């Protein structure tokens, strides 16, 4: 098939399914897309585009990634008509690799959510369940749904506490969160910078890897971008670990803390079967413990909202974005006298979940609470990182002192766990949840890797009975992204 | 409504409060004029660097409004900060000059408050771990402090932070205009301990600090341009302190403190204890703006994406080695041999930023046998009076050290009068591109001393005739008229003669005519 023919398949799927699935919330002009695809077909490598790794691949971007084309809304009323004057670094990287953008994907407002129900465009639906509306998972639900429904080859999402891995697990596709700091965040709208990571969604690990190689580059515009020196060290280590002479049989850890009570039988069965298959393939299995990860969820829900409250302070309606018709609530003279100019704008511009997290974050940063909450949470986060460092055979290249593990400890190459406690719930179920906490607990399996900044990937494994899929998560040491992709690929083939 | 936010004093810490009490008791004995007064300062300085603190836009904020604004400066979604390392270097220099302990690891924090000229909804500052702590600046009697002993004014900390934008309010409507040029301009905030017990000492401190940072190139520190902004905390007899915001000159600092001292004393006498307030100063009186909140809620958070600022001891040492001489060192040097300048002249050179220029002129005069002091006299007593606003900045380019040294030598050699030398200075200030030597200029403009002895005697006789009354008054003992007569002769001779020679001739003629000595 030509590039254009392949691209047209995606365009047809968008045309036929997007109205129902709501995976994409804005589309690029079809004529432009077609002419770009055509140009790539016609071009006989005059500009070297034939060698470009993403040549002709169709890509959609989560709508918190700034593009000069279309809008960048974060699925929020606050930015409903916002046009970015600049491209995110990753947008330029993907374009330079000759991929063709199709549009922007639905998401939870400002990437806050687990089921992608917090969006002004309506929740995207999970393509795996054509007869009954199921959630895609969030917050990168649109990205995962677009890939699952063959509306594109690759989707870019963001993962702060599982926002790429969980939707990938629910939608039966591959979702990869690389090591923190490898992919530039310049132009990626911040939710919680110390955790935010650009993630990649595709139907197979190969496509994820290709995209990862395009995006894995130093960017001086991003102060958290890993330095070229450290990148060189990571590459050296990866090369020696993946050389043909090195062993392809690994020590695989089963983290006991991830065997949570709420794991559904179907997920548990898929996890067990995956582990059995890995052992049959010659890998060794070890039961390991990461005691601090039991505190990961509350830690995450202190750190992320605190940073979010700070990051979202800029949305005041003064320079861009939504502004309320009325600045002051005139019925409240106290508010007017106080100079509370932005209350109305922010109350009307943000949805309930965003407002909830801003309040939670501001509370945790308030003078009375910061030492007990935010500072304490940072300490617990550090413990989580140390737990992972102790378990992995490889040293953490970011840690000042190497080999924190004692000789008696079992160390492993990878950790394998489920990515979600259950398969995708129905939309009705999540919409009738009594408490927002019901949604938060779904993140229990994904936030530990986010807190530690380590690479983690969810790959689909067929569930018992074959109809649904379960997301199996692989985690590796910081910077061990290539091998994590390798073992993930193997799990998919088992 | 004020733009500046309320600040804590000096930071929200109980231990500092204790220090405050302790120092107050220690000080009261010495106080005569202002018993019980205690002041501390918070000074913001704009750093002299071409880029903003966290973006690559230019810092020339007097440009057309909103012409130096980057994507980051207006807090567009997805933008990220990039630290200006030159700003760090300048903060480091200031910290070294003020004897601070440099922190090898400092970090940036966000201070949250909503304001239209604060685009991100927070200011990036250094709340938890500032770049420098625990310094002091020594005030000497020559800095015009009260008393004859030095005073070490403690510095609690120096922190790097962003400036805000600038709001302008329309008079005829409720419109407000925001200029983001100043947004994200690099600042340092210097917080002193409450070590000042006289209004004059506070003024002397501000003046000294201003000269210091100018001299070492950290800040232009001009009040009028907003490059230096001073807040003063005042308390009397251990009562609650009030903060006077945004004082715009040394004079204002001194007088606002005096005024606030009186106000607080009066309150005390009335039996109404002073409560903590934020105050303003209109040049004449204290304005009570608002009560200070008990604890300001700024929701400080360590910036989640700015890495800590790590300074190796080696790097700090390198900066120390590269520091220019500090003002006190220069003043000591200038006032002792071989320069032997009067302290006030040395201070004038320093104040005008002309010390380096002076040294260069002296170097050019090295083999002339002339005293270095002569160069200082020329600069301080003749040239400064000719300078227009900010012309001191072009002086060394227009009147190059070589040119000034030549003129000084020619004057000594009676080839050029001082009057014509100053004509040349004025010409060069207006025509800095003219690259001709002093000799060539003297030739071109016919300024060489050319009046011969008989001609000069003729002119002098003529002047004595024309101004007989002046000559008679001089003869009668009014010595001041001599200089008038000298001036008249210089004028008639078009300055082309040496004053020394004129005085000699006039002296002889007057002696002959009036028999005076």
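Taking every DSSP beta bridge that has both ends in the protein assembly as shown, the antiparallel portion is near 85%. Put in order of Cβ neighbour count within 10 Å, fewest first, the listed residues B:64, B:125 become B:64, B:125.
The C-alpha atoms of chain B define a longest principal axis, and helix B:199-215 lies at about 80 degrees to it. When only alpha carbons are used to place a centre, region B:470-490 and region A:195-210 end up 96 Å from one another. Per-residue Cβ neighbour counts within 10 Å put A:384, A:135, A:432 in the sequence A:432, A:384, A:135, beginning with the fewest. If you sort the three axes of the alpha carbon gyration tensor as a ≥ b ≥ c, you get a/c of 1.5 or more for region A:112-171 and a/b no higher than b/c, which makes it oblate. Here is how the number arises for the protein assembly as shown: DSSP H runs of 4 or more residues each give -39500 (n - 2.57), the sum is divided by the residue count, and the result at 222 nm is -11500 deg cm²/dmol.
Rounded to the nearest 10 degrees, the inclination of helix B:418-430 to the longest alpha-carbon principal axis of chain B is 40 degrees.
The residues B:148, B:406, when put in order of fewest to most other Cβ atoms within 10 Å, stand as B:148, B:406. Quick check for you: which residues of region B:475-504 have the amide N under 16 Å from the point 7 Å beyond the Cα of residue B:469 toward its beta carbon? What the label zone holds, given the 16 Å backbone N cut-off, is B:475-476, B:478, B:481-482, B:484-485. Considering only beta bridges that DSSP places wholly inside chain A, some 65 percent are antiparallel. Relative to the longest principal axis of the C-alpha atoms of chain B, give the angle of the C-alpha long axis of helix B:85-97, reported between 0 and 90° and rounded to the nearest 10°. Between the helix axis and the principal axis of chain B, the angle is about 70 degrees.
Computed from label points 7 Å out along Cα-Cβ, the spacing between residue B:152 and residue A:120 is 6.0 nm. Annotation: extensible slack from residue A:266 through residue A:227 equals 9.8 nm (criterion: 0.36 nm per residue apart, minus Cα-Cα distance). Compared with the direct C-alpha span, the chain from residue B:104 to residue B:394 gains 100.5 nm at full extension, assuming 0.36 nm per residue. What shape does region B:319-401 take by its C-alpha gyration tensor, where a ≥ b ≥ c are the square roots of the eigenvalues and a/c under 1.5 counts as rounded, a/b above b/c as prolate, and the rest as oblate? It comes out rounded by the Cα gyration axes.
Counting only other chain Cβ atoms within 10 Å of each residue's Cβ, the peptide A:178-189 averages 2.
Throughout, read-outs are computed from the coordinates displayed, never taken from laboratory work. Predicted model only: the values in this text are computed from it and were never measured. All Cβ positions, glycine included, derive from the backbone under ideal geometry; neighbour counts span all protein chains shown.
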